[in-house]
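Visitor: Provided herewith is a single structure, encoded as structure tokens, for subsequent inquiry.
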Amino acid sequence: MNVNYRGFYNIYNILASFAVYESIGGTFEDAVKSFDAYKPQLGRMEAFNVCGKPVILNLAKNPAGFNQAISTVCE
């Protein structure tokens with residue numbers, strides 16, 4: 001499965017939701033379709049270009065989230 005999500009916690013959330021979905025009888029193919037169709041809220045690791053330079057916008061509401069955002073950018 002390929003997903004276009006950034007950030008450590010987003011991957012945890014994807015794995016958790018997939019595990020729940022599979023435990024209630026969902027198929028892998030349907031889960032992939034759902035993840036492909038999902039669009040995060042604006043400001044949540046949103047990628048765009050400013051004057052030809054790539055920019056990632058991320059909302060951080062607490063120190064843990066801010067540290068995770070910095071870690072993601074450094075990767």
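Visitor: Name the residue, out of G26, G65, G52, whose mean-square fluctuation peaks in a Gaussian network model built on the chain with Cα pairs under 10 Å.
Guide: G52
Visitor: Compute the length gained on full extension between T27 and K39: take 0.36 nm times their separation in residues and subtract their Cα-Cα distance, giving the result in nm to one decimal.
Guide: Taking T27 through K39 to full extension adds about 2.3 nm, to one decimal.
Visitor: Continuing with this model, one more query. Considering only protein heavy atoms and a probe of 1.4 Å, how much of the accessible area of the chain is carbon and sulfur, as a whole percent?
Guide: Percent of accessible area from carbon and sulfur atoms in the chain: 59.
Visitor: So how exposed is C74, as accessible area in Å² (1.4 Å probe, rounded to 10)?
Guide: Spelled out: C74, probe radius 1.4 Å, area about 110 Å².
Visitor: Now for a different question. Can you pull out the trypsin sites (Lys or Arg not before Pro) in segment 5-75 whose DSSP state is coil and whose Cβ has at most 16 other Cβ atoms within 10 Å?
Guide: R44, K61
Visitor: For the chain, just the Cα atoms, rotate onto the principal axes and tell me the three extents in Å, largest first.
Guide: Largest to smallest, the principal-axis extents are 44, 29, 20 Å.
Visitor: Still on this structure: Any idea of the accessible area per residue across the chain, 1.4 Å probe, to the nearest Å²? Mind dumping the intermediate values first?
Guide: Working: 6000 Å² over 75 residues.
Ligands and nucleic acids excluded, the result is 80 Å² per residue.
The values are calculated or read from the model by the stated rules, or taken from the named source; none is laboratory data. Please read all numbers here as calculations on a predicted model, not as lab measurements. Note that we place each Cβ from the backbone using ideal geometry, even for glycine, and neighbour counts take in every protein chain shown. Just the protein is used for accessible areas: all its heavy atoms, side chains included, with ligands, DNA and RNA removed. Shrake-Rupley method; radii C 1.70, N 1.55, O 1.52, S 1.80 Å.
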